[in-house]
Amino acid sequence: MQNFNYRNPTHIVFGQDRIEELATLIPANARVLITYGGGSVVRFGTLDKVKAALGDRTVFEFGGIEANPKFDTLMQAVSVARDNQVDFLLAVGGGSVMDGTKFISLAIQYDQDEANLLKYGFTPVPVESDKVIPLGVIATLPATGSEMNAFAVVSYQGGKFPVNHPAIYPTFAFLDPTLTFSLPSIQVANGVVDAFVHVLEQYATYPVDARVQDRMAEGIMRTLIEIGPITVAEPTNYEARANLMWSATSALNGMIGVGVPFDWTTHMIGHELTALFNIDHAQTLAAVLPSVWRVLTPQKHAKLLQYAERVWDITEGSDDERVEQAIAKTEAFFQQVGLKTCLRDHGIEKSQLDDVIKALEAHGMTALSETGKVDLATSRQILEMAW
């Protein structure tokens, strides 16, 4: 196992009908900006419940944060927060609203060009922690795990940029499965796949004898395989949705990633596909991941064999046959919950793969994977196989 530090300060409030507990977690004299997305929290009454729970606090609202939060939109929210001397942010929505709100928290007191916050990648942004406005979240979409980590992704000038700072962990996160019952089935399917791939990118690399992390990752994946199709088909099945919600949070709260190597190749390629073709993030992952594995099987062979046995119970056949069976079962699982696994099924022309390669090069994505050896030629091979 590799050396690691681990800290996660987010207070989780899990279960139904607990929004009134907001009053115990936000200072009584706080000036609160509530952020949200396209309006479903308004239509389904969630926003009214939140405002009632905030009581006599001074409250402002900012809606309209996009599915892939745009820098310009977030800067409008920053202006609202500055003009009204906001000192607490409350994100009500899915991962994009949470991510956008994390950026807002960094930008409010930032005294330089706010676009500079996007240039550090996975390196923490050099901002003093006491200059970051605290935030809490009420999650309405189980998918990204943003409710319990210190990362965000922001769209800017045709690219998607990660942002990281230890002070943007939400101080608390409300996880009420019933708030997700009204989601369209495709968003639920996206959430299942997003969480599943988050686990895999911390798991399917090379062995470092991290037994606890491996077993936790395998448990999350087996849970998602069991309940994924159920929660897509039965939107008000509380137990299935509760297990999806906690799986998505656990997939990216850092616990399964301590002391192990990562491979974010699928995500980095997927981000470019979303930016260029406006394909849902999880749907790019479903199309790209199997090809990443087929191209990179030699470097991932041991962990893919472990994945085949422990997650899919595949124990017969040669090593190569078992690996391919596991990849095929993963594709079938993505399809079972409703996602396509070929880029051409999203209307992408093969000639347009050149645009993806150019975008990867422009954004410095030229040494991907746990080994750093996935160059542009290898990324092209992955994309052509995924097409």
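The helices (runs of 4 or more DSSP H) located wholly in the range 221-324 that include 3 or more residues which are more than 30 Å from Glu361 (Cα to Cα) occupy 238-251, 281-312. Selection of the range 30-40 for residues being crowded, with 17+ Cβ neighbours inside 10 Å and at pLDDT below 90 yields only Ser40.
Taking the options Ala210, Ala167, name whichever one is over 30 Å from Leu305 (Cα atoms) and surrounded by fewer than 23 Cβ atoms within 10 Å (Cβ to Cβ).
After ruling out the rest, the residue left standing is Ala167.
Taken together, Ala77, Ala107, Ala81 contain a single residue that is at pLDDT 95 or above, in contact with a Phe, Trp or Tyr (Cβ under 7 Å, 6 or more places away or on another chain) and hydrophobic (A, V, I, L, M, F, W, C), which is Ala77.
The listed residues are Gln112, Gln157, and the only one of them that is open to solvent by 50 Å² or more (accessible area, probe 1.4 Å) and on the phi > 0 side of the Ramachandran plot turns out to be Gln157.
Only one entry in Asp87, Asp99 is surrounded by 17 or more Cβ atoms within 10 Å (Cβ to Cβ), under 17 Å from Pro170 (Cβ atoms) and in contact (Cβ under 8 Å) with a residue 24 or more places away in the chain, namely Asp99. Considering the range 115-154, and only residues there that are assigned to a loop (DSSP other than H, G, I, E, B) and without any contact (Cβ under 8 Å) to a residue 12 or more places away in the chain, the residue that is least open to solvent (accessible area, probe 1.4 Å) turns out to be Pro126.
In the set Ala52, Ala77, only one residue is part of a helix (DSSP H, G or I), open to solvent by less than 20 Å² (accessible area, probe 1.4 Å) and more than 23 Å from Pro184 (Cα to Cα); that residue is Ala77. For first residues located in the range 302-331 and over 22 Å from Val193 (Cβ atoms), partners that are among the charged types (D, E, K, R) and open to solvent by 40 Å² or more (accessible area, probe 1.4 Å) and lie 6+ apart or on another chain with Cβ distances below 7 Å form the pairs Leu305/Asp319; Leu305/Arg322; Thr315/Glu309. Looking across the range 241-282, the residues that are of a type in the set (A, V, I, L, M), under 28 Å from Cys342 (Cβ atoms) and open to solvent by less than 50 Å² (accessible area, probe 1.4 Å) come down to Leu244, Ala248, Ala251, Leu252, Met268, Ile269, Leu273, Ala275, Ile279, Ala282.
The values are calculated or read from the model by the stated rules, or taken from the named source; none is laboratory data. Remember, predicted model here, so these are calculated numbers, not experimental data. Please note: Cβ atoms are built from the backbone with ideal geometry, for glycine as well, and neighbour counts cover all protein chains shown. These area figures cover heavy atoms from the full protein model, side chains too; ligands, DNA and RNA do not enter into them. Shrake-Rupley method; radii C 1.70, N 1.55, O 1.52, S 1.80 Å.
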